1. Right, residue 36: within 27 Å of residue 230 (Cβ to Cβ), of a type outside the set (D, E, K, R) and out of contact with any helix residue (DSSP H, G or I) (no Cβ under 6 Å at 6 or more places or on another chain) or not?
2. Taking the condition of being modelled with pLDDT of 95 or more and either among the acidic types (Asp, Glu) or under 20 Å from the mean Cα position of the chain (by Cα) (or both), how many residues in segment 9-27 meet it?
3. So residue 193 ticks every box in (1) more than 26 Å from residue 65 (Cα to Cα); (2) touching a helix residue (DSSP H, G or I) at 6+ places or on another chain (Cβ under 7 Å) but one. Which box is left unticked?
4. Being under 16 Å from the mean Cα position of the chain (by Cα) and either among the hydrophobic types (A, V, I, L, M, F, W, C) or crowded, with 20+ Cβ neighbours inside 10 Å (or both) narrows it down to one residue among 90, 137, 110; which is it?
5. Kindly provide the set of residues from segment 115-147 that are closer than 18 Å to residue 182 by Cα and either hydrophobic (A, V, I, L, M, F, W, C) or at pLDDT 95 or above (or both), ordered by number.
6. Of all residues in segment 192-212, which are surrounded by fewer than 18 Cβ atoms within 10 Å (Cβ to Cβ) and closer than 21 Å to residue 35 by Cβ?
7. Please indicate, with yes or no, whether at least one residue in segment 196-211 is in contact with a helix residue (DSSP H, G or I) (Cβ under 8 Å, 6 or more places away or on another chain) and within 20 Å of residue 64 (Cα to Cα).
Amino acid sequence: MTHILVTRPLEASQQLADQLVALGFSTVVMPLYTFAARQPANDIESVLSVKNRRKLTVFTSPRAVQFGLPFLPPKNRLDELEIAVVGSATRAALQDSGYPVHIQARAGFTSEDLLQSPELHNDPGVAVIFCAPGGRTALEDGLDSLGWKTTIAMVYDRVPLKPDSTQVDLLRNAEDLVSTWTSISSLKLAEKHLPADVWVKILGSPALVISTRIQRYLVKLGATRVELAGGPGNAELLQSLLRLTGQIPEG
């Protein structure tokens, strides 16, 4: 039986695992971090109070929405801001909270895709990127190169979770293993905390990732087969896993 390693944050991992189990797979749910709010080092209100310039806020994930919204100006001042998002799930999180979205990539769901948006290429002003430490440097560099004065607002932390003995044993004993990866942070934590033999086994087994950046990183680590999912959400991951394991035909 094929074992699927799911490494998303717990809620999303469990949702995907439940769907996989219903289709006859075994799963190893192993989120490698959780989240905690943090106070950004910057005075966001001051940054967004600049006069006579465009004011852009960029949300990089649903988690950035969860922890970043308290730092936005009051809703009666929202007409002064433009809100950009990376990905449809982030857009949905904002709209569910009653906030408009003005800029999203025409296609794709990465920082690089967002940077192609024509709205970002004219009349740059100030931009605030809501994210966690250690992420979205490509987005920051890209906005800077377009002339934006960019501020990183680190509004949450990733809190590492170490794999437990049950998870390690399941991975070690799995005869047919496929791993899924939605962040480089998870890969770094897995490499750090998993026993060497289990990590080598993962690198030698098929893997599914959600971006070419993660794909390149995993290949550089020595992975032998890394496939790109059709999108970042659980629905796309599920369909891609079914194709990867031969449950539905390619194409």
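The values are calculated or read from the model by the stated rules, or taken from the named source; none is laboratory data. These numbers were taken from a predicted model, which means no experiment stands behind them. Cβ placement follows ideal geometry from the backbone for every residue including glycine, while neighbour counts extend to all protein chains displayed.
1. For residue 36, the condition - within 27 Å of residue 230 (Cβ to Cβ), of a type outside the set (D, E, K, R) and out of contact with any helix residue (DSSP H, G or I) (no Cβ under 6 Å at 6 or more places or on another chain) - is not met.
2. 6
3. Condition (2) is where residue 193 drops out.
4. The match here is 90.
5. 131, 132, 138, 139
6. Listed by number, the residues that qualify are 192, 193.
7. Scanning segment 196-211 turns up at least one residue that is in contact with a helix residue (DSSP H, G or I) (Cβ under 8 Å, 6 or more places away or on another chain) and within 20 Å of residue 64 (Cα to Cα).
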